[in-house]
Amino acid sequence: MQSLLEQLKKSVSEALVSAFGTELTSSAPLVVPASNPKFGDYQSNVALSLPKKLKIAPRSIAEKIVENLKVDNFCETPTIAGPGFINFTIKPTYLATQLTTIQTDNRLGIEPVRSPQRIIVDYPSPNVAKEMHVGHLRSAIIGDCLARILEFVGHDVLRISHIGDWGTPFGMLIAYLKEAYPEALTTTEELNLGELSTFYRQAKKRFDEDENFREAARLSVVQLQAGDRETLLAWKIVCELSSRSYQKIYDLMGLSPEIEARGESFYNPFLPEIVTELEKLGLLEESDGAKCVFLEDFTNREGEPLPLIVQKSDGGYNYATTDLAAIRYRVNVDKVQQVIYPVGSEQRSHFAQIFQVGKRAGWITENHQFIHAYFGLVLGEDGTKLKTRSGEAIKLKELLDKAITLARKDLETRLQQEEREETEEFIDRVSQVVGISAVKYADLSQNRTSDYKFSYQKMLALQGNTAPYLLYAYVRVQGISRKGNIDFTKLTTDTQILLQEATEITLAKHILQLGEVITEVEKDLLPNRLCQYLFELSQKFNQFYDRCPILQADEPSRTSRLVLADLTARTIKLGLSLLGISVIERM
Ligand code: ARG
């Protein structure tokens, strides 16, 4: 089903052709949602951008467009305001027909894209041997959401976790393993990642304080790269333990199970080729024994071009080289058209640099889009980087567990107040869903490019733009079905949907805008727009619910309102599922 916005855009562009003969290019978008409901539902400012081209006053252009518009099957007569804005209001009868159409559709009328692409979303990409910390929270949450949305609209999505599983930090870990736990090379049993994070800290301590140890660490890197058997075994032990530990976190968070771990080590065999290829292309230069590409538009303090080192003077490779190999592999082997990297904004220059080299090497062509979907920091309530009291990065597992515990407390208080008795199973399930969704939603509802303050209290609140508020709107609808013994799936499709009350019409319009919002998120990769949409939907539903009796209403209003309630709930459920959040029937 074409969205209302698309239908209007099509009508306006046809009206332009019939009014002025040729296809006019304009700097203004043809139609946008109205800035104020007072003016209608949608508006076109296109007339204001054409007077120079047409040598006619904007108001007259608007009049000509309106004369040629054929929208009376779905719009009230368009009006012209101010210097030449055209305002559109959708007819309630048309809204009703559209609702009837989507009622039988699981996708709620949202058609898949016409030209699906193959897209990699690179997330959550933690680093082995360090527990996932709050910094990876955003990559996991945003990446999972973007992957779900792109997949829903019909793209072929690969979820690739570019795990940091190679390189210098491993030298340190391997050296420490050999030094402190030589028995680990014969058994993996008593090691678990909890211990390993202590292990990591201890290794780091040794590394920081002892030059001989640093030398041993460097040697281990060389041995690892040379494929030394024992060193490789030590490496594997660390990798497997940590991967088991983050799988538990992925499960707890409800991330899509389709994440493929393809760590940095995967690209090792291709690194020498990257260097030779760049050399052949004439992009490589030597500087202090290192092989580098001198970057365009990146300069040091003296104004000289900055080098991107692809091979260090000791022959080793680094993060950038691996990412270049990943770019080439993703284009040539995975055959992607798009790669999205939801990674923190502190890596902006890294990505700008590797994309530049990828383009200059001819791997990234104009048929490819490589996007760093960067995000800001998670801050503590005091506005500084989120840390534990002792100043360490907060572990993701602890943060999620705490959200669940607090959700449980809230629930238990509410049950007491309402004198409700619920099973332990119910309490577990609700606290889990509410706790995890609150954390995810708090993250997704912020524009990802900015930092945000992490507040359990705010994210768990039943009021405001929070997951519990949306979940509650959904639960309210399910409550209607329980109370009235209504099977929503059996509401017949030939139901005449009646939209009379203002709150009904507003809600109906909003339901029909999901597709427009998803299209926007697909384009600009900002999930907060979907959150805002769902928040407003819940608000509009609550207003409708307060104003319009449903079970008590007479037919045909009763059935019509039930359909509206059901469509609201299904829209919330679908929208939340795209955010990676599941609903509950009661809470
Ligand atoms: N492992 C990196 C980190 O934790 C993130 C990797 C992001 N993906 C990439 N292709 N560079 O900082």
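The values are calculated or read from the model by the stated rules, or taken from the named source; none is laboratory data. Remember, predicted model here, so these are calculated numbers, not experimental data. Ideal geometry is used to build each Cβ from the backbone, glycine not excepted, and the neighbour counts take in all protein chains shown.
If you take the residues of segment 305-321 that are of a type in the set (S, T, N, Q) and either away from the ligand (no atom under 13 Å from the Cβ) or crowded, with 24+ Cβ neighbours inside 10 Å (or both), which of them is nearest to Phe266 (Cα to Cα)? The extreme case among them is Thr321.
Results for (1) at pLDDT 95 or above; (2) touching a Gly at 6+ places or on another chain (Cβ under 8 Å); (3) farther than 30 Å from Ser557 by Cα, shown as yes or no for each residue.
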{"site": "Glu425", "(1), (2), (3)": "yes, no, yes"}
{"site": "Ala473", "(1), (2), (3)": "yes, no, no"}
{"site": "Val477", "(1), (2), (3)": "yes, no, no"}
{"site": "Ile480", "(1), (2), (3)": "yes, no, no"}
{"site": "Phe488", "(1), (2), (3)": "no, no, no"}
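Here Gly376 does not qualify as surrounded by fewer than 18 Cβ atoms within 10 Å (Cβ to Cβ), over 30 Å from Glu279 (Cβ atoms) and at pLDDT below 90.
Residue pairs whose Cβ atoms lie under 6 Å apart, separated by 6 or more positions or on different chains, with the first residue in segment 110-138 and outside any loop (DSSP other than H, G, I, E, B) and the second within 10 Å of the ligand (Cβ to nearest atom) and among the aliphatic types (A, V, I, L, M), are Ile120/Ile160; Ile120/Val339; Asp122/Ile160. Considering segment 358-367, and only residues there that are away from the ligand (no atom under 15 Å from the Cβ) and part of a loop (DSSP other than H, G, I, E, B), the residue that is surrounded by the fewest Cβ atoms within 10 Å (Cβ to Cβ) turns out to be Glu366.
Going through segment 98-130 one residue at a time, which ones are within 12 Å of the ligand (Cβ to nearest atom) and in contact with a Leu (Cβ under 7 Å, 6 or more places away or on another chain)?
Kept after step one, since they are within 12 Å of the ligand (Cβ to nearest atom), are these residues of segment 98-130: 120-130.
Across segment 98-130, the qualifying residues are Ile120, Val121, Ala129.
The rows are residues; the columns are (1) outside any helix (DSSP H, G or I); (2) of a type in the set (Lys, Arg); (3) on the phi > 0 side of the Ramachandran plot; (4) without any contact (Cβ under 8 Å) to a residue 40 or more places away in the chain.
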residue: Gln7; (1), (2), (3), (4): no, no, no, no
residue: Ser11; (1), (2), (3), (4): no, no, no, no
residue: Leu30; (1), (2), (3), (4): yes, no, no, yes
residue: Lys38; (1), (2), (3), (4): no, yes, no, yes
residue: Leu48; (1), (2), (3), (4): no, no, no, yes
residue: Arg59; (1), (2), (3), (4): no, yes, no, yes
residue: Ile65; (1), (2), (3), (4): no, no, no, no
residue: Asn73; (1), (2), (3), (4): yes, no, no, yes
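Out of the residues in segment 441-481 that are touching a residue at least 60 places away in the same chain (Cβ under 8 Å) and among the basic types (Lys, Arg), state the one that is surrounded by the most Cβ atoms within 10 Å (Cβ to Cβ). Checking each candidate, the answer is Arg448. Going by the conditions given, is Ile149 β-branched (Val, Ile, Thr) and away from the ligand (no atom under 16 Å from the Cβ)? Judged against the criteria, Ile149 is a match.
May I ask you to verify whether Phe355 is modelled with pLDDT of 95 or more and in a helix (DSSP H, G or I)? Answer is yes for this residue.
Scanning segment 335-351 for residues that are away from the ligand (no atom under 11 Å from the Cβ), closer than 22 Å to Glu273 by Cα and either without any contact (Cβ under 8 Å) to a residue 24 or more places away in the chain or buried (at least 16 other Cβ atoms within 10 Å of the Cβ) (or both) yields a single hit, Val336. The set of residues in segment 538-547 that are farther than 17 Å from Phe488 by Cβ and either of a type in the set (Ser, Thr, Tyr) or surrounded by fewer than 20 Cβ atoms within 10 Å (Cβ to Cβ) (or both) comprises Ser538, Gln539, Asn542, Gln543, Asp546, Arg547.
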